[in-house]
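The values are calculated or read from the model by the stated rules, or taken from the named source; none is laboratory data. Source: prediction; values computed, not measured. Cβ coordinates were reconstructed from backbone atoms using ideal geometry, including for glycine residues, and neighbour counts include every protein chain displayed. Quick note on the areas: whole protein, heavy atoms, side chains included, nothing else; ligands and nucleic acids left out. Shrake-Rupley method; radii C 1.70, N 1.55, O 1.52, S 1.80 Å.
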Amino acid sequence: MALLNNISAITEALDQEMGRDNTVVVYGEDVGFEGGVFRATVGLQKKYGKDRCFDTPLAEAAIIGSAVGMAVNGMKPVVEIQFSGFVLPGLNQIIGHVARYRNRSRGRYNLPMVIRMPYGGGVRALEHHSESLEDIFAQTPGLKVVIPSTPYDTKGLLLAAIRDPDPVIFLEPKRIYRAFKQEVPKEDYVLPIGKAKLVNEGSDITVVAWGALVREVQNALKDLKDEGISVELIDLRTISPIDRDTIIKSVQKTGRFLVVHEAYKSFGPGAELISIVNEGAFLYLEAPPTRLTGFDVTIPLPKGEHHFIIKPKQISDKIREIVSF
Amino acid sequence: MLTDSYNPLEGKMLSILDKDGKIINKDLVPDISDDELVHMYKTMLLTRILDIKSLQYQRQGRMLTYAPNQGQEATQVGSIAASEKKDWLVPAFRELGAWLYKGVTIEQIFLYWYGNELGSKFPEDVNMLPICVPIASQLPHAVGIGMASNIKGEDVVTIAYVGDGGTSQGEFSEAVNFAGVFNTPTVFIISNNQYAISVPREAQTKAKTLAQKAIAFEIPGIQVDGNDILAVYAAAKEAVDRARNGGGPTLIECVTYRLGPHTTSDDPTIYREDSEVEHWKEKDPITRFKNYLIKKKLWNEEMDEKQKEEYNTLVNNNFKKVEESGLVPLEDIFKYNYEEMPENLEIQYRDYVKYLREEVK
Ligand SMILES: Cc1ncc(C[n+]2csc(CCOP(=O)(O)OP(=O)(O)O)c2C)c(N)n1
Ligand SMILES: [Mg+2]
């Protein structure tokens, strides 16, 4: 066991997998010599050499596009995009190619690659450093989208992502990169992609969240404890493919549903989750399934960001509202 | 033409002032009035002071992330000084000297770095686009402004900035190519400050110079000493004049150095030696230009001290004003997404206001 935060859990997973599998290569802007602007790849170049961990020119389309070629030719690239706001020049590659290679070659080519990127708001960052874009990826057939919320999950899910035969978008909630530490096993383990995690068992309402929002919900639950509201909290962990079963079963039990996410509301992941609830648990519902999300506005700069960021009090109020419907 | 005599492929770099402020290229000294020379110098000085103060505020926890400019003032001011009021400035995010010269107020600069969208709402008579964080994505906008200028038949030039790292982006090449194809009145300034965060210039491209990237697109390109304001001005002026007269775009690589960290969240000691920084400090663009002005009897140390003091106060006062400006009102994050607020936004806004009111009760 070692006490790790979310960043050091990434470093440990990359380190172990590079040691185990010499087809794993790690690259991106500032990733090699410096070890990344968040220090996720620190020490890897020194340990595995410049062939295995390196800096690239500043060009996201080429970073992702070259990873396609690498994967076709026997490597397992794990590329870093410095912030999710800067993946946009690479979307042509991701949506146009990464997601489609297996299908368009009828299985002749598969792309065992991972695209890692910090995402999300709440860190009072500069413009284009705070967006939550999980819906764009989750909406694209052929991609898997994983978002860990704890160091233990980060390590197990990243190892699973690298070993996955399909491309995985690995979104890292940067707000909690260093927010807390957790005991994480030294040995190698994988957590299943496509499986949600039951964080808290409860009987009155199912709340689904992921990434940094899981902690916000947990904070909200402290408020509710004395009020006798029993919340079942599910950490989705994989946005796509979604774990329908866990959600439907939970809502069949609780009869109420809330999804909390920072991504924009309209056409966001909450809409998908509510549809799943309607399809699978409609007759069990005692209140309308509800979403608490980012507004449909460009995420504000720091002096207006507090309006946008979802606070625990809002979550507990929303839960009260649903339970007393 | 300077662009004829300084072929980047031959490793020629234009310089006029040496590091002590002595003229080394007499024939090329640009024709700039004394008043203008002093104005350029004062803008550099203000840039430096605003930068130093910002780093202080940041360390005191009074400021968010900030991208410093120290060492790059000649590149910034020399290039924009070659343009006119009616011309456009398309920034990247590290051209403080150019913005100040163009007429952006200190208050706005602080508002932007302080995290307020109003910092990107420049005065109506300042033809400048907002600061652009996604690297190189601003360059096609600059070219589009020029394409419109051509259609409208106006003699307006666009000066666009990008870093050395930015030249690796597809949008850089796409924009320069467009500029060539549509013969737009665009002057591309590459602020080659040797680094893109931790990645050194040599790791960005195998090309020996960034200026030579012009050659493939068949437009003029030149490399200049970016710490020599006279050289920057001379190259930029030639390019601006050419653009204004229908001669099309130019690519200017200014060779300079970022003396400070990439941003306040960066620790440059990880990726570069102090000795390298010291070496570049000797080429400081401000000291060099000051010595030149002193020799020309346009400036002296006493004036310098007085001016610095005045700027310190000016910067402090503006910062305090911004510090007291408070938070962005809720309404503002909704109001500007569309000309008319669509129903989904109106509902979200109304519901949230109602919630906040009830929460207070
Ligand atoms: C598309 C994109 N990718 C990554 C980043 C993160 N980033 C911010 S500045 C920077 C380096 C820019 O280097 P350069 O173009 O040389 O400009 P400089 O910072 O040296 O002024 C990077 C990688 C970004 N802002 N935009
Ligand atoms: Mg640079």
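B:ALA160 passes all but one of (1) within 30 Å of B:ASN317 (Cα to Cα); (2) away from chain A (no Cβ under 14 Å); (3) within 16 Å of ligand 1 (Cβ to nearest atom); which number fails?
It fails just one condition, (1).
I'm trying to understand the selection: among the residues of the range B:156-171, which are within 13 Å of ligand 2 (Cβ to nearest atom) and not charged (D, E, K, R)?
We begin by selecting, within the range B:156-171, every residue within 13 Å of ligand 2 (Cβ to nearest atom); these are B:161-169.
Listed by number, the residues that qualify are B:TYR161, B:VAL162, B:GLY163, B:GLY165, B:GLY166, B:THR167, B:SER168, B:GLN169.
Of the conditions (1) surrounded by fewer than 20 Cβ atoms within 10 Å (Cβ to Cβ); (2) touching a Pro at 6+ places or on another chain (Cβ under 8 Å); (3) modelled with pLDDT of 95 or more; (4) closer than 23 Å to B:GLU73 by Cβ, B:HIS262 fails just one. Which one is it?
Evaluating B:HIS262 over (1) surrounded by fewer than 20 Cβ atoms within 10 Å (Cβ to Cβ); (2) touching a Pro at 6+ places or on another chain (Cβ under 8 Å); (3) modelled with pLDDT of 95 or more; (4) closer than 23 Å to B:GLU73 by Cβ leaves (1) as the failure.
Could you count how many residues in the range A:270-299 are open to solvent by 30 Å² or more (accessible area, probe 1.4 Å), closer than 16 Å to A:ILE242 by Cα and aliphatic (A, V, I, L, M)?
Within the range A:270-299, residues that are open to solvent by 30 Å² or more (accessible area, probe 1.4 Å), closer than 16 Å to A:ILE242 by Cα and aliphatic (A, V, I, L, M) number 1.
For A:TYR101, are the conditions met, namely being hydroxyl-bearing (Ser, Thr, Tyr), in contact with a helix residue (DSSP H, G or I) (Cβ under 9 Å, 6 or more places away or on another chain) and closer than 28 Å to B:LYS206 by Cα? It would help to see each step written out before you state the result.
Details: hydroxyl-bearing (Ser, Thr, Tyr): yes; in contact with a helix residue (DSSP H, G or I) (Cβ under 9 Å, 6 or more places away or on another chain): yes; closer than 28 Å to B:LYS206 by Cα: no.
The answer is no for A:TYR101.
Can you pull out the residues in the range A:66-103 that are within 16 Å of ligand 1 (Cβ to nearest atom) and within 17 Å of A:ILE147 (Cα to Cα)?
Matches in the range A:66-103: A:VAL79, A:GLU80, A:ILE81, A:GLN82, A:PHE83, A:SER84, A:GLY85, A:VAL87.
List the helices (runs of 4 or more DSSP H) inside the range A:1-100, counting only whole elements, that have at least 3 residues being within 21 Å of A:GLU187 (Cβ to Cβ) and hydrophobic (A, V, I, L, M, F, W, C). Don't jump to the end; show me each part of the working.
Details: elements: A:6-20, A:44-48, A:60-72.
Qualifying helices (runs of 4 or more DSSP H): A:6-20.
Name the one entry in A:SER266, A:SER324 that is hydroxyl-bearing (Ser, Thr, Tyr) and either more than 10 Å from chain B (Cβ to nearest Cβ) or more than 22 Å from the chain's Cα centre (by Cα) (or both). First the steps, then the outcome.
On the way: A:SER266 fails: either more than 10 Å from chain B (Cβ to nearest Cβ) or more than 22 Å from the chain's Cα centre (by Cα) (or both).
Testing whether each residue is hydroxyl-bearing (Ser, Thr, Tyr) and either more than 10 Å from chain B (Cβ to nearest Cβ) or more than 22 Å from the chain's Cα centre (by Cα) (or both) leaves just A:SER324.
Test of understanding: among B:ALA207, B:ALA203, which residue is within 14 Å of ligand 1 (Cβ to nearest atom) and surrounded by fewer than 24 Cβ atoms within 10 Å (Cβ to Cβ)?
B:ALA203
Search the range B:130-155 for residues being β-branched (Val, Ile, Thr) and within 15 Å of ligand 2 (Cβ to nearest atom), and hand back the single one that is farthest from B:ASP241 (Cα to Cα). Let's see the steps before the verdict.
Residues of the range B:130-155 β-branched (Val, Ile, Thr): B:131, B:133, B:135, B:143, B:145, B:151.
Add one more test, that the residue is within 15 Å of ligand 2 (Cβ to nearest atom), and what stays is B:133, B:135.
Values: B:VAL133: 29, B:ILE135: 27 Å.
For the range B:130-155, the residue satisfying everything is B:VAL133.
Name the residue that is most open to solvent (accessible area, probe 1.4 Å), counting only residues in the range B:130-141 that are in contact with a Leu (Cβ under 8 Å, 6 or more places away or on another chain) and closer than 27 Å to B:TYR57 by Cβ.
Among those that are in contact with a Leu (Cβ under 8 Å, 6 or more places away or on another chain) and closer than 27 Å to B:TYR57 by Cβ, it is B:ILE135.
Quick check, is A:THR254 open to solvent by 20 Å² or more (accessible area, probe 1.4 Å) and of a type in the set (S, T, N, Q)?
Working: open to solvent by 20 Å² or more (accessible area, probe 1.4 Å): no; of a type in the set (S, T, N, Q): yes.
Taking the combined requirement at face value, the residue does not satisfy it.
If B:GLY21 satisfies all but one of (1) loosely packed, with under 13 Cβ neighbours inside 10 Å; (2) on the phi > 0 side of the Ramachandran plot, what's the number of the condition it fails?
Evaluating B:GLY21 over (1) loosely packed, with under 13 Cβ neighbours inside 10 Å; (2) on the phi > 0 side of the Ramachandran plot leaves (1) as the failure.
Condition first: free of Cβ contacts under 8 Å to residues at least 60 places away in the same chain and among the aromatic types (Phe, Trp, Tyr). Now tell me which residues in the range B:85-99 satisfy that. First the steps, then the outcome.
Just the residues of the range B:85-99 that are free of Cβ contacts under 8 Å to residues at least 60 places away in the same chain, to begin with: B:85, B:93, B:96-97, B:99.
B:PHE93, B:TRP99, listed by residue number.
Tell me, please, whether a residue that is in contact with a helix residue (DSSP H, G or I) (Cβ under 8 Å, 6 or more places away or on another chain), farther than 19 Å from B:VAL232 by Cβ and open to solvent by 10 Å² or more (accessible area, probe 1.4 Å) can be found in the range B:79-94.
No, because not a single residue in the range B:79-94 is in contact with a helix residue (DSSP H, G or I) (Cβ under 8 Å, 6 or more places away or on another chain), farther than 19 Å from B:VAL232 by Cβ and open to solvent by 10 Å² or more (accessible area, probe 1.4 Å).
Given the condition at the interface with chain A (Cβ under 9 Å from one of its Cβ atoms), in contact (Cβ under 8 Å) with a residue 40 or more places away in the chain, part of a helix (DSSP H, G or I) and within 16 Å of ligand 1 (Cβ to nearest atom), answer yes or no: does some residue in the range B:104-116 qualify?
yes
Select, from B:VAL315, B:VAL277, B:VAL322, B:VAL360, the only residue that is within 14 Å of another protein chain (Cβ to nearest Cβ) and either in contact with a Cys (Cβ under 6 Å, 6 or more places away or on another chain) or in contact (Cβ under 8 Å) with a residue 12 or more places away in the chain (or both).
Working: B:VAL315 fails: within 14 Å of another protein chain (Cβ to nearest Cβ); B:VAL277 fails: within 14 Å of another protein chain (Cβ to nearest Cβ); B:VAL360 fails: either in contact with a Cys (Cβ under 6 Å, 6 or more places away or on another chain) or in contact (Cβ under 8 Å) with a residue 12 or more places away in the chain (or both).
Exactly one residue qualifies, and that residue is B:VAL322.
What number of residues in the range B:180-237 are polar (S, T, N, Q), under 25 Å from B:ASP31 (Cβ atoms) and either more than 16 Å from ligand 2 (Cβ to nearest atom) or modelled with pLDDT under 95 (or both)?
1
Determine if the range B:113-129 includes at least one residue that is among the small types (Gly, Ala, Ser), open to solvent by less than 20 Å² (accessible area, probe 1.4 Å), away from ligand 2 (no atom under 16 Å from the Cβ) and in contact with a Leu (Cβ under 8 Å, 6 or more places away or on another chain).
Yes, some residue in the range B:113-129 is among the small types (Gly, Ala, Ser), open to solvent by less than 20 Å² (accessible area, probe 1.4 Å), away from ligand 2 (no atom under 16 Å from the Cβ) and in contact with a Leu (Cβ under 8 Å, 6 or more places away or on another chain).
Any chance you could count how many residues in the range A:300-316 are among the charged types (D, E, K, R) and either open to solvent by 30 Å² or more (accessible area, probe 1.4 Å) or more than 9 Å from chain B (Cβ to nearest Cβ) (or both)?
Step one: filter the range A:300-316 for residues among the charged types (D, E, K, R), giving A:303, A:305, A:311, A:313.
After this cut, where a residue has to be either open to solvent by 30 Å² or more (accessible area, probe 1.4 Å) or more than 9 Å from chain B (Cβ to nearest Cβ) (or both) as well, the list is A:311, A:313.
Summing the residues that are among the charged types (D, E, K, R) and either open to solvent by 30 Å² or more (accessible area, probe 1.4 Å) or more than 9 Å from chain B (Cβ to nearest Cβ) (or both) in the range A:300-316 gives 2.
So A:LEU292 clears everything in (1) in a helix (DSSP H, G or I); (2) without any contact (Cβ under 8 Å) to a residue 40 or more places away in the chain; (3) within 12 Å of chain B (Cβ to nearest Cβ) except one condition, right? Which one?
(1) is the only condition that A:LEU292 fails.
Check the range B:215-222 and report whether any residue there is surrounded by fewer than 24 Cβ atoms within 10 Å (Cβ to Cβ), of a type in the set (Phe, Trp, Tyr), out of contact with any Lys or Arg (no Cβ under 7 Å at 6 or more places or on another chain) and within 14 Å of another protein chain (Cβ to nearest Cβ).
No: zero hits.
Tell me which residues, restricted to the range B:171-194, are touching a helix residue (DSSP H, G or I) at 6+ places or on another chain (Cβ under 7 Å), within 10 Å of ligand 1 (Cβ to nearest atom) and not acidic (Asp, Glu).
B:PHE172, B:ILE190, B:SER191, B:ASN192, B:GLN194 - these are the residues of the range B:171-194 that are touching a helix residue (DSSP H, G or I) at 6+ places or on another chain (Cβ under 7 Å), within 10 Å of ligand 1 (Cβ to nearest atom) and not acidic (Asp, Glu).
Quick test for you: out of A:PHE38, A:PHE33, pick the one residue that is within 21 Å of the chain's Cα centre (by Cα) and open to solvent by 20 Å² or more (accessible area, probe 1.4 Å).
Values: A:PHE33 fails: within 21 Å of the chain's Cα centre (by Cα).
Sole residue among the options that is within 21 Å of the chain's Cα centre (by Cα) and open to solvent by 20 Å² or more (accessible area, probe 1.4 Å): A:PHE38.
For the range B:124-170, what are the residues that are β-branched (Val, Ile, Thr) and in a strand (DSSP E or B)? Steps first, please.
The initial filter retains those residues of the range B:124-170 that are β-branched (Val, Ile, Thr), namely B:126, B:131, B:133, B:135, B:143, B:145, B:151, B:156-159, B:162, B:167.
Passing the criteria: B:THR158, B:ILE159, B:VAL162.
Has the range B:135-156 got any residue that is closer than 23 Å to B:ILE106 by Cα and within 14 Å of chain A (Cβ to nearest Cβ)? Show your work before the answer.
To start, the set of residues in the range B:135-156 that are closer than 23 Å to B:ILE106 by Cα comprises B:138.
From what's left, within 14 Å of chain A (Cβ to nearest Cβ): B:138.
The answer is yes; a qualifying residue exists.
Name the helices (runs of 4 or more DSSP H) wholly inside the range B:282-361 in which the number of residues that are open to solvent by less than 40 Å² (accessible area, probe 1.4 Å) and closer than 29 Å to B:TYR114 by Cα is 3 or more. I'd like the intermediate steps shown before the answer.
Values: elements: B:285-295, B:301-323, B:330-335, B:343-360.
Correct list: B:301-323, B:330-335, B:343-360.
Residue by residue through the range B:42-73, note down the ones that are open to solvent by less than 10 Å² (accessible area, probe 1.4 Å) and within 15 Å of ligand 1 (Cβ to nearest atom).
B:THR47, B:ASP51, B:TYR66, B:ALA67, B:PRO68, B:ASN69, B:GLY71, B:GLN72, B:GLU73
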